[in-house]
Amino acid sequence: QVQLVESGGGLVQAGGSLRLSCAASGRTYSTNYIAWFRQAPGKEREFVGRINWSGTSTYYADSVKGRFTIAVDNAKNTVWVQMNSLKPEDTAVYYCAAGVFAASRSENYRYWGQGTQVTVSS
């Protein structure tokens, strides 16, 4: 089993920044990638980006490319997403997820955190 705990969410004005963290524990060696997803009210869960545990491979959704940066400290089993130039449409519950494959679909990730709320005011 892998346990994931997100932190760092909150309320920020449009144009501001937030950094979310995802602390992983347990059998993290059974996974290769950590991804971030988000889900706004009434909408489907959306892929944000992913990184491998070595930090050598990242991939972002077009909606966040150039504004969000995902990084990893594999010694601490922690992944961050630095979110800059936030927009009201970034408002959502953000989840980190761990899986084996370099995937963008949520069903490819076996382990999930509980989520953290990000609210961007206009």
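The values are calculated or read from the model by the stated rules, or taken from the named source; none is laboratory data. Note that the coordinates shown come from a computational prediction; the quantities given were computed from them, not determined experimentally. Counting neighbours? That spans all protein chains shown, and the Cβs are built from the backbone with ideal geometry, glycine included. What goes into the accessible areas is simple: the full protein's heavy atoms, side chains included, and nothing from ligands, DNA or RNA. Shrake-Rupley method; radii C 1.70, N 1.55, O 1.52, S 1.80 Å.
Only Cα pairs under 8 Å and at least 6 apart count here; give the relative contact order of the chain as a rounded whole percent.
36
Here the chain has 47 percent of its accessible surface on carbon and sulfur atoms, given a 1.4 Å probe and all protein chains in place.
The magnitude of the dipole of the chain, with charges of +1 and -1 set on the Cβ of Lys/Arg and Asp/Glu and taken from the Cα centre, is near 140 debye. Taking every protein chain into account, the accessible area of the chain amounts to 51 square angstrom per residue (probe 1.4 Å). The mean of 1/r over all pairs of different alpha-carbon atoms in the chain, once inverted, gives a Kirkwood hydrodynamic radius of 14.1 Å.
Net length available on complete extension from GLU89 to ASN52 is 10.7 nm, with 0.36 nm assigned per residue and the Cα-Cα distance removed.
Shown in residue order for the range 18-24 are the 3J(HN,Hα) couplings computed by the Karplus curve 6.51 cos²θ - 1.76 cosθ + 1.60 at θ = phi - 60°: 8, 10, 9, 10, 9, 9, 10 Hz (x for Gly and Pro).
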